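Here the structure is laid out as structure tokens; the discussion comes afterwards.
The values are calculated or read from the model by the stated rules, or taken from the named source; none is laboratory data. Because the structure is predicted, anything quoted here is derived from the model rather than measured. Cβ coordinates were reconstructed from backbone atoms using ideal geometry, including for glycine residues, and neighbour counts include every protein chain displayed.
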Amino acid sequence: MHMADALISPAVGGTMWAASAGLLAYCARKIQQTLDDRLVPLMGVLGAFIFAAQMINFSIPATGSSGHLGGGLILAVLLGPHAAFVVIASVLTVQALFFADGGLLALGCNIFNLGFFPAFIALPLIYRPIVRGAHSGARLWVGAMLAAVVGLQLGALAVVAETTLSGISELPFGNFVLLMQPIHLAIGVVEGLATAAVVAFVARVQPDALAMPSSSVDHHVRLRPVLVGLLIATVLIGGALSWFASSHPDGLEWSMGKVSGREELDAPAVGVHENAAKLQERTAFLPDYGFRATEPQSIEVAAAEEAEAWPAVSAGTTFSGIVGGALVMLLAGLIGYALRMRRAPA
Amino acid sequence: MSHHIVEARNLGHIYPGGHEAIRDVTFRITHGEAVGIIGPNGAGKSTLLLHLNGCLMASRGEVRIGEIPVTRETAAQIRRAVGMVFQDPDDQLFMPTVLDDVAFGPLSYGLAPAEAKQRALTALDRVGMSALQGQTPYRLSAGEKREVAIATVLAMTPDILVMDEPSSNLDPRGRRRLIELLKSFEHTRIIATHDLELVLEVCSRVILLDSGSVVTEGPAADVMNDEALMLQHGLERPHSLRHKHPH
Amino acid sequence: MFSPSSLEALRMDELGGLDSPLHRLDARAKAIVTIAFIAAVMSFPRYELSGLTPFFIYPIALLALGGIPPGFILRKILIAAPFAICIGLFNPMLDRHPLLLPGGYVVAAGWISFVSILVRFVLTVSVALVLVAGTGMHRLCAGLERIGLPRVFAVQLLFLYRYLFVVADEGLRMRRGMELRAAGSRAPGLRVYGSLLGHLLLRSLDRAHRIYAAMLARGFDGRIRTLQESKVHPADVLFTTGWIAFFVVARTWNLAEGLGFLLTGGGR
């Protein structure tokens, strides 16, 4: 479920960054008070384990993202939602820095997709009410699996939404959903099993590790708020899905309409570009990124709406560009070499 | 806090699994004393030591450092006075370079970087490890790690020095340096160790622990000269006491 | 499963502790410039190629300035490369717009965007790696905290980094112990692995507790402190403003194309 930079537009990336950063600040403040000698090493070690677990991943073809164990639920059960969110954020940040596993632009999306849904939706609304503090038995396994599946499905849906709204990927929405959801259903089952196994193990061998800070322990959840929450979630998901599934050309005025009509591959890419550019123009804070910089260079874009025009790609492929590019690389290498020589005697 | 009396009264500790590691331990160590804690493996020496700086909290009884009882709230304050060198140096060296590790304590106390660096260099010099200041701790030998670990605590200029097996893995030169260091240290020293010769050289008094309780305590040479007692508790009479040559 | 990476991670720690003009720069300055770099690179349109080339100057210059071996960075990039390739690989298939290259070759536009993705990937990854290798994770986290990262998060980042070593170390020891006893038999079953993982978790937790206890014993109070002075030097300001200015210029105008233009006398 890791998303890559290449698929996110700065607008979507920036928004999710803001959402994740805000949530992170909130969680950090929340656990500042309950931080104790036990929690800090636990957060670090569990983070390391989840980090390792996430390295076992496989890319889902054509979607530009990968499938793997999220670990968000395990963290949420053992640490409480706020600490879990901080840990997931730290794991993803380190991965983005060291492995470009997704990238820094998409980091906000990834943190939200992998952290928010397990910690703040799956845990309180599904895991806790079903499991109710059990450390073994059917309740644990069923609750863990259900929570994991729901958390991952929501996360996968978020990935699809974010990618489509970015308008960079060529993949039609419908195909995207059909690829992502079933795979993440399977992953969800595995993750649920793993979660239950870890909880059972820790409970058996070192029960005091499961004693979470009192402020977040809350086994007896009243049924009504849970039901209401589930109802809202169902309505949202169901409504969104049905809306997108049936092609409503008069629905959203930007890329959605174009996407559902893009079954044929030789439809002009310019359509999505044009509309995504419009959206970015409206939401951008950087005045001249993206498509506008290249517009003056190619007249085709201006007249592109109806004609099957070529996209504005002169920047990378003109002769001057190639010569210049090669020279710049050479220059960069020389600068590097010169700097090294100067450092050597130092 | 100028006179740091270390006092334990009916101290007991039960680990979460139910294991009672120490039971009814009472002693009083006055300022400037050098006391050795000896006993067989599993006697509870390490557990006892961990109570002296608030790493472990008493299940029963209490520990007082200079009249202040050791509790969660007072732990931070206690740690300024009590410097602890743990058994495994790998647990104590967690910074990118040796100098960073030794400077960690002074920096945490709020010293300015320049001053902290100076303290660190002085401490490293005392243990003879100045040359390794830029190294990654991971690459040091076991003995070097131990010396650096000692330096990390010395840099904080504690009033009470607590050490758990400080001479293990040290080569003879390093061990001699440690003994000289300990002898030159004016403040209270509490050392848990199997190195009975070191205890003889450094400590005036010993506390003999076995199965979590204090068996006896008294002047080092007297207690350790009692062969039957030593053998009974998994130890033996130190070699230098056995053959008293009139030099 | 851990052996090569734990040594590589150790290398990163050693590089971070070096002393060089790069390492002496303030961590905040380097972090800010890195963020600006990534923002600039990712804001290019999807088919950009030559315009990206001037951005290579930054990581290369920093590598040299910091005494960081290029091979180290390249190795890490190669390891993560398959991921980027998988992502971009479908672009040529899905985006079949014919493009005319100089010399009369026609190519699917998807290939151009694919190469662009790869170039961006190399740029952003190398810059992030250089940031950590040229600053040291400890100083970096301290610096990030000062520019606004929540303290709890900065500490968690550092601990995660630190405990990754711990887990890797314990994992290595356990694997060695297992190998010495397995006498070359077939791979251990699921049950053994499950038990191994469980014990790995517990041992790592124990060790992490002890390390944290040692930190507390030396006065750790939740704030990351370093030996580096917190003053901002003129060199830091110059570094930050200079590079950001360069990024702005390189983003607004295609410097490579301009250079080529000059040399080829206006050829297209």
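Do we have B:GLY134 as surrounded by fewer than 20 Cβ atoms within 10 Å (Cβ to Cβ), within 12 Å of chain C (Cβ to nearest Cβ), over 24 Å from C:LEU18 (Cα atoms) and without any contact (Cβ under 8 Å) to a residue 60 or more places away in the chain here? Spell out the reasoning first.
Values: surrounded by fewer than 20 Cβ atoms within 10 Å (Cβ to Cβ): yes; within 12 Å of chain C (Cβ to nearest Cβ): yes; over 24 Å from C:LEU18 (Cα atoms): no; without any contact (Cβ under 8 Å) to a residue 60 or more places away in the chain: yes.
It is false that B:GLY134 is surrounded by fewer than 20 Cβ atoms within 10 Å (Cβ to Cβ), within 12 Å of chain C (Cβ to nearest Cβ), over 24 Å from C:LEU18 (Cα atoms) and without any contact (Cβ under 8 Å) to a residue 60 or more places away in the chain.
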Out of the range C:137-158, which residues are surrounded by fewer than 22 Cβ atoms within 10 Å (Cβ to Cβ) and free of Cβ contacts under 8 Å to residues at least 12 places away in the same chain? C:GLY148, C:LEU149, C:PRO150
Conditions (1) over 20 Å from B:VAL206 (Cα atoms); (2) in contact (Cβ under 8 Å) with a residue 60 or more places away in the chain -> B:GLY36 fails only (1)
Go through the range A:84-125 and give me each residue that's at pLDDT 80 or above and not in a helix (DSSP H, G or I). A:ALA106
Failed condition for B:LEU161, given (1) over 21 Å from B:ILE5 (Cβ atoms); (2) within 14 Å of chain C (Cβ to nearest Cβ); (3) touching a Lys or Arg at 6+ places or on another chain (Cβ under 8 Å); (4) in contact (Cβ under 8 Å) with a residue 60 or more places away in the chain, with all others met? (1)
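Per-residue answers, yes or no, for (1) under 27 Å from B:GLU33 (Cα atoms); (2) modelled with pLDDT of 90 or more; (3) not hydrophobic (A, V, I, L, M, F, W, C):
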residue	(1), (2), (3)
B:GLN92	yes, yes, yes
B:PRO96	no, no, yes
B:LEU99	no, yes, no
B:PRO137	no, no, yes
B:SER141	no, no, yes
B:MET163	yes, yes, no
Identify, please: which residue in the range C:68-96 is at pLDDT 75 or above and touching a Gly at 6+ places or on another chain (Cβ under 9 Å) and is, among those, nearest to C:SER20 (Cα to Cα)? C:ILE68
Some residue of the range C:135-142 being within 9 Å of chain A (Cβ to nearest Cβ) and of a type in the set (Lys, Arg): no
Taking the range B:104-122 and keeping only residues that are more than 10 Å from chain C (Cβ to nearest Cβ) and buried (at least 20 other Cβ atoms within 10 Å of the Cβ), one is left with B:ARG119
Pick from the range C:217-235, criterion outside any loop (DSSP other than H, G, I, E, B) and out of contact with any Lys or Arg (no Cβ under 7 Å at 6 or more places or on another chain), ranking: farthest from the other protein chains (Cβ to nearest Cβ): C:PRO234
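Those residues that are of a type in the set (Val, Ile, Thr) and more than 7 Å from chain A (Cβ to nearest Cβ), I need them from the range C:40-73; list them, please.
Restricting attention to the range C:40-73, the residues satisfying the condition of being of a type in the set (Val, Ile, Thr) are C:41, C:53, C:57, C:60, C:68, C:73.
Residues satisfying the conditions are C:VAL41, C:ILE68, C:ILE73.
Being in the same structural domain as C:LEU52 (by TED's automatic domain parsing), assigned to a helix (DSSP H, G or I) and either in contact with a helix residue (DSSP H, G or I) (Cβ under 6 Å, 6 or more places away or on another chain) or of a type in the set (Lys, Arg) (or both), is that true of even one residue in the range C:98-110? I'd like the intermediate steps shown before the answer.
Of the range C:98-110, the ones in the same structural domain as C:LEU52 (by TED's automatic domain parsing) are C:98-110.
Next, from what is left, pick out any that are assigned to a helix (DSSP H, G or I): C:109-110.
Going one step further and asking which of them are either in contact with a helix residue (DSSP H, G or I) (Cβ under 6 Å, 6 or more places away or on another chain) or of a type in the set (Lys, Arg) (or both), we end up with C:110.
Yes, some residue in the range C:98-110 is in the same structural domain as C:LEU52 (by TED's automatic domain parsing), assigned to a helix (DSSP H, G or I) and either in contact with a helix residue (DSSP H, G or I) (Cβ under 6 Å, 6 or more places away or on another chain) or of a type in the set (Lys, Arg) (or both).
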Just checking, which of B:ASP125, B:ASP101 is buried (at least 20 other Cβ atoms within 10 Å of the Cβ) and assigned to a helix (DSSP H, G or I)? B:ASP101
Among what's in the range C:111-122 and is buried (at least 23 other Cβ atoms within 10 Å of the Cβ) and over 16 Å from C:ALA40 (Cα atoms), pick the residue that is nearest to the other protein chains (Cβ to nearest Cβ). C:ILE112
Can you tell me which condition B:VAL127 does not meet? The list is (1) in contact with a Leu (Cβ under 9 Å, 6 or more places away or on another chain); (2) at the interface with chain C (Cβ under 9 Å from one of its Cβ atoms), and all the others hold. (2)
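Please tell me if B:MET156 is in contact (Cβ under 8 Å) with a residue 24 or more places away in the chain, assigned to a loop (DSSP other than H, G, I, E, B) and surrounded by 20 or more Cβ atoms within 10 Å (Cβ to Cβ).
On the way: in contact (Cβ under 8 Å) with a residue 24 or more places away in the chain: yes; assigned to a loop (DSSP other than H, G, I, E, B): yes; surrounded by 20 or more Cβ atoms within 10 Å (Cβ to Cβ): yes.
Taking the combined requirement at face value, the residue satisfies it.
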Any hit, the range A:126-141, residues being touching a residue at least 60 places away in the same chain (Cβ under 8 Å), in contact with a strand residue (DSSP E or B) (Cβ under 8 Å, 6 or more places away or on another chain) and assigned to a helix (DSSP H, G or I): no
